[in-house]
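The values are calculated or read from the model by the stated rules, or taken from the named source; none is laboratory data. Fair warning: this is a prediction, and the values are worked out from it, not measured in the lab. FYI the Cβ positions are ideal-geometry reconstructions off the backbone, even for glycines, and counts take in every protein chain you see.
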Amino acid sequence: MHSNAMPSGAQAELNGPADGIPEATVARLPVYLRALYGLAERGISTVASEELAAAAGVNSAKLRKDLSHLGSYGIRGVGYDIDYLVYQVSRTLGLTQDWPVVIVGAGNLGRALANYGGFLSRGFTIAAMLDSDTAIVGSRIARLTVRHVDELEAVVARHNVAIGVIATPAGSAQAVCDRLVSAGVTSILNFAPLVLSVPEGVDVRKVDLSIELQILAFHAQRRSSARPADAPGNAETHGKRSTPRVAQELAAKG
């Protein structure tokens with residue numbers, strides 16, 4: 001067994017490179033694809049590596065190396081054909097086919113995921129939503145009727161579900177994960193604040209927004225502490241006096 005403990009909120013737990021492509025490259029391919037879609041929507045048909053790299057937030061050398069793993073090298077003086085590159089990246093990520101997805105947990109998060117329109121355009125079909133709350137079971141969410149979680153195994157088999165999304169409280173997440181795995185689901189997206197244990201051969205991605213916020217808070221604190229004491233934007237300008245200044249004033253009054 002292994003666990004999906006990772007240093008940040010949206011990290012992959014992969015068993016190894018797919019088809020010889022490094023894991024770090026695989027992690028960047030969706031970013032490239034998003035940038036390519038944005039360029040295509042602006043009516044751009046070809047793109048230089050520097051422009052695509054800037055849109056994806058990486059350096060051009062890294063982008064060219066990543067795309068070389070796909071067999072795409074671009075044309076000198078012209079760049080990359082966007083439509084073909086979209087196809088290459090989509091094919092590598094497995095997005096040239098439809099992937100049935102089941103969401104377990106029909107609370108606020110599950111509802112938001114079900115209503116997100118971006119999944120279908122990327123090849124992901126929400127096949128079913130499941131919940132254990134009888135007050136929710138039978139209701140309609142995003143054109144889906146919420147089914148009871150007792151039907152999980154039957155739903156997975158009926159829709160040939162490839163990916164399971166866990167949007168339940170932490171207390172029930174592991175049990176749901178175990179049932180998904182037993183039913184044959186080998187790819188799981190976990191939103192529950194819990195480290196899941198899964199057998200080898202099962203891939204888990206964990207999304208924890210609170211962890212991401214804590215990381216941002218760390219960087220914000222570092223930037224704040226790096227400011228000079230009397231510089232604009234320090235604690236005093238926000239209605240708070242720094243500790244040394246307060247201590248001096250108290251000492252003067254004493």
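See the values below:
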item: Counted residues, the range 99-124 - those being surrounded by 14 or more Cβ atoms within 10 Å (Cβ to Cβ) and either within 27 Å of S45 (Cβ to Cβ) or of a type in the set (V, I, T) (or both); result: 8
item: Unique match (being under 19 Å from the mean Cα position of the chain (by Cα) and surrounded by fewer than 14 Cβ atoms within 10 Å (Cβ to Cβ)) among S225, S210; result: S210
item: When residues of the range 160-194 are limited to those that are crowded, with 20+ Cβ neighbours inside 10 Å and of a type in the set (S, T, N, Q), the one farthest from the chain's Cα centre (by Cα); result: T168
item: Some residue of the range 142-159 being without any contact (Cβ under 8 Å) to a residue 60 or more places away in the chain, on the phi < 0 side of the Ramachandran plot, under 19 Å from the mean Cα position of the chain (by Cα) and outside the structural domain of S45 (by TED's automatic domain parsing); result: no
item: Strands (runs of 3 or more DSSP E) within the range 144-230 that include 1 or more residues within 21 Å of D133 (Cβ to Cβ) and not hydroxyl-bearing (S, T, Y); result: 163-166, 187-190
